[in-house]
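Everything below concerns the one structure shown next.
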Amino acid sequence: MTDNSITHRKRLIVLGGGESGVGAAILGKEKGMDVFLSDYGNIPQRYAAQLEEENIPFEQGQHSEHLILNADEVVKSPGIPPTAPIMVKIAEKGIPVISEIEFAGRYTDAKMVCITGSNGKTTTTLLTYHILREAGINVGLAGNVGRSLALQVAREHHDVYVIELSSFQLENMYDFKANIAVMLNITPDHLDRYDYKMQNYINAKFRIIRNQTPEDAFIFWQDDPVIEAQLRQITIEAAKYPFSEHMEEAAAYVDTLDNLIINTPRTSLEMPRKDLSLHGLHNLYNSMAAGLSACLLNIRKEDIRRALEDFEGVEHRLEFVADIDGVRYINDSKATNVNSCWYALESMPPGGNVILILGGKDKGNDYSEIEPLVRDKVKAIVAMGLHNEKIVEFFGGKVPVIRDTHSLQDAIDACAALATAGDTVLLSPCCASFDLFQSYEDRGRRFKNAVKALKK
């Protein structure tokens, strides 16, 4: 008997034509799905060329509902909020929506080391990847850094992936499981996405432990009050590995001789804190989290120690730019929230020799968190942005000098006029970059170029 029925190919709609979206589209194509990609904005040329080369149909500058609302499943770019009109219509139709990470996770049995937190994610992710790669592990780098996880799953094979996950990416993850989940810290961020309710943001972050079993590991900062409070409210299946600066019952801590101690059932490690390549309290925590992950993967302690000693930091994160006439210029453009700026100021020497550049797109910032450090260490604030009223009002009378500037060049000129030998000019803006710049990377690169031009 002949079967004349037509087999239905799963229709996969990908929303967003960036790194994650194009990777998801290619993986869908590899799995035999009927794939269509739609981007409401303009798709960067290199991604459009990639889609054309793969013969994947796509559109840009619009969302054609007749091509989208017939989906069996939607993979959504993390930057698209659930309140976007097309997302509301997809929800009304009851079409499942997942993230690229969730989609890719279905098609690999690699171990997943997943890292989240309001601050320190990128440094910890790259440091963990560095340790594993230097130890000879077949490791992939994905998430907010590296290449699309879906593309790597489609075209390569890795035994382990190290993945940086934002709260946005975690929102649409359901069956995905992290073998090792790392929670660095939680401080207010992106509250405009979460109805200005901190608990909604916390809930999104804690999705990283979803589906974990007793065979899995949860690494977290023991001294974070938000994490501590949430842990009292929930049950965690995974084995817990807290890290702390001085609590000796933690899995990682610093002893009275200033040695970093890491203890796990697999591998344990001891090394002088001064030998860590990354300095400052925040980087101590990043090194602890990366070291714990590596120990739990049974990496040799010699390899871990060597990699912690020779890792070269992250661009735009407390990056030294230049010393001009005795004034140090530091690029911390990645500090897009108040807590990240707190870590930067914490690493500065006392004495009131910091000229701090703040400003950009405010995400609901509460500057009181950095006020004590500003009073102790900052001689001048240079506000750089289209709307600096909140910064000027909050810090008025709390620092000797405030300058209100509305362009990068004006900010640099103000800093150069205020600075004397022994000062540090610190770009650590507390804010997103989108008022004057395309991204925090664009802000950081242009800052570095402007500083280097001062030398001429």
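The values are calculated or read from the model by the stated rules, or taken from the named source; none is laboratory data. This is a predicted model, so every value here is computed, not measured. Note that we place each Cβ from the backbone using ideal geometry, even for glycine, and neighbour counts take in every protein chain shown. Heads up: the accessible areas ignore ligands, DNA and RNA and are worked out on the full protein's heavy atoms, side chains in. Shrake-Rupley method; radii C 1.70, N 1.55, O 1.52, S 1.80 Å.
Quantify how much of the Cα-Cα distance distribution of the stretch 265-314 extends past 15 Å, in percent. Show your work: numbers first, answer last.
Working: 470 of 1225 pairs.
In whole percent, the share of Cα-Cα pairs in the stretch 265-314 beyond 15 Å is 38.
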Residue list for the stretch 89-109, given a label point 7 angstrom along the Cα-to-Cβ vector of E30 and an amide N cut-off under 15 Å
100-109
Net charge around H66, counting only other residues with Cβ within less than 14 Å of its Cβ (Lys, Arg = +1; Asp, Glu = -1)?
+1
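Quick one: if the Förster radius is 56 Å, what FRET efficiency do I236 and H66 give, using the C-beta to C-beta distance and rounding to 0.05? Before the final figure, lay out the partial values.
Details: r = 45 Å, r/R0 = 0.80.
After rounding, the FRET efficiency stands at 0.80.
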Evaluate the distance, in nm, between pseudo-label points positioned 7 Å from the Cα of Y107 and of S407 along their respective Cα→Cβ axes.
4.8
Considering only protein heavy atoms, what is the solvent-accessible area of D442 at a probe of 1.4 Å, reported in Å² to the nearest 10?
30
Averaged per residue, what accessible area in Å² does the chain show with a 1.4 Å probe, protein chains only?
43
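More than 38 Å apart: what percent of Cα pairs in the chain qualify? Could the numbers behind the result be given before it?
Values: 29091 of 103740 pairs.
For the chain, the share of Cα pairs beyond 38 Å comes to 28 percent.
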Computed over the chain, the relative contact order (Cα-Cα under 8 Å, seq sep at least six) in percent reads 11
In the stretch 1-104, if every C-alpha pair distance is counted and binned at 10 Å from zero, what percent goes to each bin?
15, 50, 26, 6, 2, 0
Output the direction-averaged projected area (hull surface divided by four) of the convex hull of the alpha-carbon atoms of the stretch 297-456, in nm².
10.8
Take the alpha carbon gyration tensor of the stretch 97-181, find the square roots of its eigenvalues, order them as a ≥ b ≥ c, and report rounded if a/c is under 1.5; if not, report prolate when a/b exceeds b/c, else oblate.
oblate
How large a share of the accessible area of the chain, in percent, is made up of carbon and sulfur atoms when the probe is 1.4 Å and the other protein chains stay in place?
48
What is the distance in Å between the Cα centroid of the stretch 45-59 and that of the stretch 352-391?
43
The stretch 33-173: Cα Rg divided by the 2.2 N^0.38 Å rule of thumb:
1.13
Subtract the Cα-Cα distance of S439 and H387 from 0.36 nm times their separation in residues, and report this length gain in nm to one decimal.
17.0 nm
How much accessible surface area, in Å² rounded to 10, belongs to the heavy atoms of H8 with a 1.4 Å probe?
130
Spin-label pair K455/R147, simplified geometry with 7 Å Cα→Cβ offset, distance in nm
3.4
Which is farthest toward the positive dipole end of the stretch 21-61 among G23, Y40, F58, measuring Cα position about the Cα centre, with Cβ charges +1 (Lys, Arg) and -1 (Asp, Glu)?
G23
For 124-132, 338-346, ranked highest to lowest by mean beta-carbon neighbours within 10 Å, the order is 124-132, 338-346
What order do Y174, Y241 take when sorted by accessible area (1.4 Å probe), most exposed first?
Y174, Y241
Out of all DSSP beta bridges with both ends in the chain, state the antiparallel percent to the nearest 5.
20
